[in-house]
Amino acid sequence: MDILKKRGIKLVNKEVEGFNYKCSNGVDPDAGFIVEYRHIDTINEIIDDIDKALSGNYDLMTNNDISTDGGGIAFITPNGIEFYDEDGINVLPPVCPLDEFKDLLIAWRDFLNMPPYNGQKVN
């Protein structure tokens, strides 16, 4: 079973005032964090860093901060992805396993790459 089905996540195209916006159905906090990533290059860099951590090369990562421009704060740790609020309090215990976060990122990246594209005029 893929990660989206396992967690009940649906990635959707939402039309607002003639423009397409990509989002999730909001049932999963990890996916809710991931959908804030809008740049494929950023997603690929995070996947690369997660691969380093998964292969035991955590020390080869240049930056474990995977916070979003939308204000989400998270870090790659050897134990998984840890999420924090602006006061430095861990807000989503337990951590998201690295392999599951990676699978969610890949699903989101693939969805972003499918037309209609995010922000594209649909009419």
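Numbers below:
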read-out: Single residue of segment 38-69 satisfying the filter (among the hydrophobic types (A, V, I, L, M, F, W, C) and at pLDDT 95 or above) that is nearest to GLY88 (Cα to Cα); value: ILE66
read-out: Failed item in (1) closer than 23 Å to ILE73 by Cβ; (2) open to solvent by less than 40 Å² (accessible area, probe 1.4 Å); (3) within 17 Å of the chain's Cα centre (by Cα); (4) not β-branched (Val, Ile, Thr), with ASP51 passing the rest; value: (2)
read-out: When residues of segment 72-123 are limited to those that are closer than 30 Å to PHE19 by Cα and without any contact (Cβ under 8 Å) to a residue 24 or more places away in the chain, the one surrounded by the most Cβ atoms within 10 Å (Cβ to Cβ); value: ILE73
read-out: Pair list, Cβ < 8 Å and 6+ apart or interchain, from segment 1-25 residues that are surrounded by fewer than 16 Cβ atoms within 10 Å (Cβ to Cβ) to residues that are among the aromatic types (Phe, Trp, Tyr); value: LYS14/TYR21; GLU15/TYR21
read-out: Breaking point among (1) open to solvent by 70 Å² or more (accessible area, probe 1.4 Å); (2) touching a Lys or Arg at 6+ places or on another chain (Cβ under 6 Å); (3) under 30 Å from TYR117 (Cα atoms), for HIS39; value: (2)
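The values are calculated or read from the model by the stated rules, or taken from the named source; none is laboratory data. Just so we're clear, the structure is a prediction, and the values are computed from it rather than from any experiment. Virtual Cβ from ideal backbone geometry, glycine too; neighbours counted across all protein chains shown. Note: areas computed on protein heavy atoms with side chains; ligands, DNA, RNA excluded. Shrake-Rupley method; radii C 1.70, N 1.55, O 1.52, S 1.80 Å.
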